[in-house]
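Written below as structure tokens is the structure these notes are about.
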Amino acid sequence: MDGETSCSSWDSDDEYQKFIQKMNPPRVVIDNTSCKNATVVHVDSANKYGILLEVVQVLTELQLIVKKAYISSDGGWFMDVFNVTDQNGQKIMDESVLDEIVKYIHKCLGADSCFLPSRRRSVGVEPSSDYTLIELTGTDRPGLLSEVSAVLTNLECNVVNAEVWTHNKRAAAVMQVTDRKTGLAISDTQRLARIKERLSYVFKGSNRSQDTKTTVTMGITHTERRLHQMMLEDRDYERYDKDRTNVNPTPVVSVVNWLDKDYSVVNIRCKDRPKLLFDTVCTLTDMQYVVFHGSVDSEGPEAYQEYYIRHIDGSPVNSEAERQRVIQCLEAAIERRVSEGLKLELSTGDRVGLLSDVTRIFRENGLTVTRAEVSTRGDKAVNTFYVRDAAGSSAVDLKTLEAIRQEIGQTVLQVKGHPDHRKSPPQESPSRFLFSSLFRPRSLYSLGLIRS
């Protein structure tokens, strides 16, 4: 009954927030004159819990780089200023692009936006007939992604999109899969139960640990927000081990209380990188803290972030144990994208079983996938893998890399960021055709050109 009452309260809050937003729609102003190095985006809106994350998420989806930010939401109104550039570090000068930015922000922050109720503990799942959503958390180990992919292929599931994170010996994955035959979401309850059972068995591994979680549903979700939540709920921030020495330099996070104003002041200093602001704001929101004031400066190689926060109950960080927890959670949020390994990019025609074949080849050559981004664009698979060798090093031996590229295809798999790697001429090797003949489906049916 308490759960039902709480849920009803949430829904009431949401309806009230929608009413307030309709009466006070967000105002977005683009300024391209006051700053010579960046486009300035002003966002004013009726204040609500989680709105800062929503704005930062929108800017991230627009692939804008936030160089500076000034945050103020102490009261009923939210007023933020973001200095942004494109992916190349340039101001956005195209008027049509600027118009699209304004329209998209209005659409995402308006009363009819697709954002889910922000007081809910989980991001949640939007119903969809297009994909089956699979969420996995458990202990990381070499070859785990290869085993999961092989199971899904065996169960006639096609991985359309997926993202996998690992941190502190823990792993989390969000996957969107379809039925191999229909190309749509899997709706049969018995089959869904079988998929969940097999994946749970794989994630538990040989130790049969119960410290795993598997869910299989029909729907879509915001993948990166959900991954942060899953790893936070899995308490990956508590599992410190030798892997943390790979984070160089380590982030510096402090939390002190400003008792005169009942704020806790969070200071973060670390190496700058894409999506850093999203990761820290996402974590504070998931820990149910509200940012009332803040500033961000990432114009140099280091990023500086300062937030004045309170818990949603109105109190600052109220104990030493909680202070340490906030610090550890923010450190974990920063590190999840840092200790990644060598970057490999794969681009080729999509087919069922591709992810299983590629990750198996990585495993057979002693590589461990530390993070993966799998996407399908039309009939093309565009995947990014971050890998380490058996010793845990990102300096993978060149002979190993060339052997893998010979097997997969030199024009199909590209190596990014290896200090000793030299680009090979874009030519296909005989083993590339061996790869094609062994693994590529040959019938029109299996290619998806015809359907039952």
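Bear in mind these aren't lab numbers, they're just calculated from the coordinates by the rules spelled out. Treat the numbers as computed from the prediction; the structure is a model and nothing was measured. Neighbour counts are summed over all protein chains in view; Cβ atoms, including those assigned to glycine, are modelled from backbone coordinates with ideal geometry.
Over the Cα atoms of segment 252-336, what Rg and Dmax result, in angstrom?
12.2, 36
What's the ranking of 34-44, 279-289 by average number of surrounding C-beta atoms within 10 Å, highest first?
279-289, 34-44
Around Pro249, under 11 Å between beta carbons, what's the net of Lys plus Arg minus Asp minus Glu among the other residues? Provide the component values of the computation, followed by the final result.
On the way: positive: Arg269, Lys271; negative: Glu302.
Overall, the nearby charge balance is +1.
Can you pull the one-decimal nm distance between simple spin-label points at Asp262 and Thr182, each 7 Å off the Cα toward Cβ?
5.4 nm
If you average the alpha carbon positions of segment 271-313 and of segment 48-90, how far apart do those two centres end up, in angstrom?
Using only Cα atoms to place each centre, the spacing works out to 11 Å.
Do any of Lys36/Lys68; Lys68/Lys107; Lys213/Lys380 go past 19 Å between their Cα atoms, and which?
Distance filter (> 19 Å) returns Lys68/Lys107; Lys213/Lys380.
From zero outward in steps of 10 Å, how is the percent of C-alpha pairs of segment 271-409 spread across the bins?
The percentages, shortest bin first, are 10, 30, 24, 21, 13, 3.
If we sort 270-276, 351-357 on the protection proxy, mean other Cβ atoms within 10 Å, highest first, what's the order?
Descending mean neighbour count gives 351-357, 270-276.
Any chance you could list the semi-axes, whole Å, largest first, of the equivalent ellipsoid that the Cα gyration tensor gives for segment 20-109, using √(5λ)?
Semi-axes, largest first: 22, 13, 12 Å.
I want to check the label-to-label distance for Lys169 and Arg273. Put each point 7 Å from Cα in the C-beta direction and report it in nm to one decimal.
2.2 nm
Given a Förster radius of 45 Å and the C-beta distance between His293 and Ser347 as r, what FRET efficiency does 1/(1 + (r/R0)^6) yield to the nearest 0.05?
Working: r = 44 Å, r/R0 = 0.97.
Plugging the Cβ-Cβ distance into 1/(1 + (r/R0)^6) gives 0.55.
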